[in-house]
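The values are calculated or read from the model by the stated rules, or taken from the named source; none is laboratory data. Being a predicted model, the structure only gives us computed values, none of them experimental. Cβ: placed from backbone, ideal geometry, glycine included. Neighbour counts: every protein chain shown. We work out accessible area using only protein heavy atoms, side chains counted, and drop any ligands, DNA or RNA first. Shrake-Rupley method; radii C 1.70, N 1.55, O 1.52, S 1.80 Å.
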Amino acid sequence: MKRAAKIITVLTLILYTLAFTGCTFKIVNNFVVKDTKFFIITLSNDCKSDIYGYRLEYYLDGKPIGGQGVSHADESKLSKKQNMKVVFDENDFPDESDISVFQIEIYVLDSNLNESDPTDIVEISAEYGKKYEISVSGSFEDGFKAEL
């Protein structure tokens, strides 16, 4: 009997504690995919050298914004004429950015993932929803060139 009274007392105290502390339980769905605006740049490999990927630096009207790399997950050689797609979405830029002044600089990676000197900056009057192709050509000996 004493044991039952203790259990009832403890349960009552727990219920009162929960009731008076105003505890709430809120479920947040973190799996909602927000519609984002994006544009795509396709890098085509027209290089004379064996290459293993690219590192990109991008700017808005000369102001550095970010960078990223693109290669095979296993860091294997890119085949000739192989295209690599890079997606830039609105989260890659500060709020209310004017992407029409987008610029990109490309570094080519060798088998040890060492970078070449950068290509000249390619200017793109970018718009969300559009696709752009940049041809990367040249070699480690002669330098690389990128053209829209």
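Could you please tell me which pairs satisfy a Cβ distance under 9 Å, a separation of 6+ or placement on different chains, a first residue in segment 120-148 that is among the aromatic types (Phe, Trp, Tyr), and a second residue that is outside any strand (DSSP E or B) and open to solvent by 90 Å² or more (accessible area, probe 1.4 Å)? Note: pairs meeting the criteria are 128/37; 132/148; 140/48; 144/117.
Can you say whether residue 56 is among the aliphatic types (A, V, I, L, M), farther than 19 Å from residue 39 by Cα and free of Cβ contacts under 8 Å to residues at least 60 places away in the same chain, as far as the supplied structure shows?
On the way: among the aliphatic types (A, V, I, L, M): yes; farther than 19 Å from residue 39 by Cα: no; free of Cβ contacts under 8 Å to residues at least 60 places away in the same chain: yes.
No: the conditions fail for residue 56.
Entry remark, segment 44-56: residues being part of a strand (DSSP E or B) and either open to solvent by 50 Å² or more (accessible area, probe 1.4 Å) or in contact with a Phe, Trp or Tyr (Cβ under 6 Å, 6 or more places away or on another chain) (or both) number 2 in total.
Among the residues in segment 95-109, are any of a type outside the set (Lys, Arg), assigned to a loop (DSSP other than H, G, I, E, B) and either in contact with a Pro (Cβ under 6 Å, 6 or more places away or on another chain) or modelled with pLDDT of 95 or more (or both)? Full working, then the answer.
In the first step, residues of segment 95-109 are kept if they are of a type outside the set (Lys, Arg); the result is 95-109.
Adding the requirement that they be assigned to a loop (DSSP other than H, G, I, E, B) leaves 95-98.
After this cut, where a residue has to be either in contact with a Pro (Cβ under 6 Å, 6 or more places away or on another chain) or modelled with pLDDT of 95 or more (or both) as well, the list is 98.
For segment 95-109, residues of a type outside the set (Lys, Arg), assigned to a loop (DSSP other than H, G, I, E, B) and either in contact with a Pro (Cβ under 6 Å, 6 or more places away or on another chain) or modelled with pLDDT of 95 or more (or both): present.
The residues listed here are 51, 65, 40; of these, the one that is in contact (Cβ under 8 Å) with a residue 40 or more places away in the chain and farther than 16 Å from residue 115 by Cα is 40.
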